[in-house]
1. Report the residue count in segment 111-149 for those that are surrounded by fewer than 21 Cβ atoms within 10 Å (Cβ to Cβ) and under 23 Å from residue 207 (Cβ atoms).
2. Between a first residue in segment 290-310 that is free of Cβ contacts under 8 Å to residues at least 40 places away in the same chain and a second residue that is open to solvent by 10 Å² or more (accessible area, probe 1.4 Å) and among the β-branched types (Val, Ile, Thr), which pairs have beta carbons less than 7 Å apart while being 6 or more apart in sequence or on different chains?
3. What are the residues in segment 1-13 that are touching a residue at least 24 places away in the same chain (Cβ under 8 Å) and surrounded by fewer than 19 Cβ atoms within 10 Å (Cβ to Cβ), if any?
4. For segment 34-76, which positions are under 22 Å from residue 110 (Cβ atoms) and touching a helix residue (DSSP H, G or I) at 6+ places or on another chain (Cβ under 8 Å)?
5. Could you tell me which residue of segment 198-211 is nearest to ligand 1 (Cβ to nearest atom), considering only residues that are part of a strand (DSSP E or B) and open to solvent by 10 Å² or more (accessible area, probe 1.4 Å)?
6. Would you say residue 33 is surrounded by 14 or more Cβ atoms within 10 Å (Cβ to Cβ) and at pLDDT below 95?
7. With the condition kept exactly as written, say whether any residue in segment 315-330 is within 14 Å of ligand 1 (Cβ to nearest atom), open to solvent by 10 Å² or more (accessible area, probe 1.4 Å) and of a type in the set (Gly, Ala, Ser).
Amino acid sequence: MTNLHSFFITTFGCQMNVYDSNLIASMLEGAGLAQAANAEEADIILINTCSVRGGAEDRAYARIAGMRQYKKKKKHLVIVVVGCMAQNHKEHIFDELEHVNYVIGPDNYNRLTDVLLGDEYSGKHSLTEQGGHNNYTGQAAKLDNTISVNIAIMRGCNKKCAYCIVPSVRGKEESRSPEDIYKEIQGAVNQGIPEVVLLGQTVNSYNYHGHRFAALLRDINNIRGLKRIRFTSPHPKHCNDELIQVMTDCSNVCNHLHLPVQSGSNAILKKMRRLYTREEYITFIQNLRASIPRLGLTTDIITGFVGESQKDFEDTLSLVQEVRFDSAFMFSYSPREGTPAYSEKETLSEIEKGARLRQLITLQNTISAEKVREMIGMQETILLEGPSRQNKEELIGKTSCFKKVVVPGSKNLNPGELIKVKLVDVKGNTLIGNSIIASDN
Ligand code: SAH
Ligand code: SF4
Ligand code: F3S
């Protein structure tokens, strides 16, 4: 008999980790455990970690260290570190965090319930072997909201970006079978979920025995009852006319692309091993915008990579000015042990990197605000998600191009519905929309 009845999961990192946490929740519930309302009440605490930047690891270490107090109060508590940092630091995690029981990397979640509930692994264990389609068990992840479901369609990454830890912690690219993908989406749609977000490290390099991303999108577009399809993150190297055509043809595929550019300097792109030039990136966006004029375009940018000169940085600023992203995630370069760039001596101080980052953020914030304002006066279809934080009487939703819209006086409307609105104003970066006619089909 086990005295483990409930679990709690804390998640750091990207949407893939959010998906994996839901997958783990579904596995543990399948084994008869219940999800606890908070960490204090749980018999098992899992911390799903990220290694992408030093800060992400520091935050995970601090959080796990803080869990010693729970262990003092509850002797049978089991603490499990999962995710990318588990893979990255392996059993070394026990050195600093002696109260951790298990360290389990992303390719070993299929053994989680055995580890936690079986007799085979008592004491401390780390499971970090890599490879194999271990997460494609056919199991659907637990739904964590009623509007949108994340679904992994591929895992791992075959690129070798010089700064990035992901290929080493997530392993080689593995695409999931279309049947499993449809089944998981259909399951969510049957429960009333209107939106799916397809996930992969380089989602548009999806290739299951010749069945590629564009074909997959077309098929998913035909799933009845599904209203919206998003995907993240595509890689520019795999962006082509076929992707433009699919996004143009498929009415449920949203007019939004999150396309990480990382830098506007060809010299830095080359050093980063990104496999495209500034000009190729810009040309693709021009072509996509020619077909989808109201495209929402977002990106990721790193400032202060090894060897980034003032001129290289200015190239990034000028690219941001030229492309005019709707928004961007912007990061200061964080050297990661085990990546190709790690052995190269940094050429900028933390202060210089930080100053460039702030300058970039200021520029992007101005553009983001302008892009939102440009939408005033337009009509858009939004998917209602739920009440706004400030006022429970008004609903908040998103346009296809990923802009937040609040709809005052939406008492008679329901989350999950698609409605047409006229955008009349903006508050902060949230648009205000007046409902025109319900068009839920
Ligand atoms: N697979 C995605 C990105 C995954 S990581 C892609 O290829 O686009 C998310 C973002 O974190 C990256 O786009 C990059 O901008 C940032 N990032 C990754 N490694 C980093 C590092 N060492 N330092 C700073 N930012 C980093
Ligand atoms: Fe990292 Fe590059 Fe792979 Fe993205 S494509 S996960 S940045 S190695
Ligand atoms: Fe972090 Fe792993 Fe995602 S390193 S960004 S959680 S794939």
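The values are calculated or read from the model by the stated rules, or taken from the named source; none is laboratory data. Keep in mind it's a predicted model, so treat the numbers as computed, not measured. Cβ coordinates were reconstructed from backbone atoms using ideal geometry, including for glycine residues, and neighbour counts include every protein chain displayed. SASA here: full protein model, heavy atoms, side chains in, ligands and nucleic acids out. Shrake-Rupley method; radii C 1.70, N 1.55, O 1.52, S 1.80 Å.
1. Counting residues in segment 111-149 that are surrounded by fewer than 21 Cβ atoms within 10 Å (Cβ to Cβ) and under 23 Å from residue 207 (Cβ atoms) gives 11.
2. Filtered contacts from segment 290-310: no entries.
3. Correct list: 2, 3, 4, 5, 6, 10.
4. Selection gives 35, 44, 45, 46, 47, 48, 49, 50, 51.
5. Among them, the one singled out is 207.
6. Judged against the criteria, residue 33 is not a match.
7. The answer is yes, given that some residue of segment 315-330 is within 14 Å of ligand 1 (Cβ to nearest atom), open to solvent by 10 Å² or more (accessible area, probe 1.4 Å) and of a type in the set (Gly, Ala, Ser).
Let's see how each residue does on (1) modelled with pLDDT under 95; (2) part of a loop (DSSP other than H, G, I, E, B):
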position	(1), (2)
376	no, yes
381	no, no
390	yes, yes
420	no, no
432	no, no
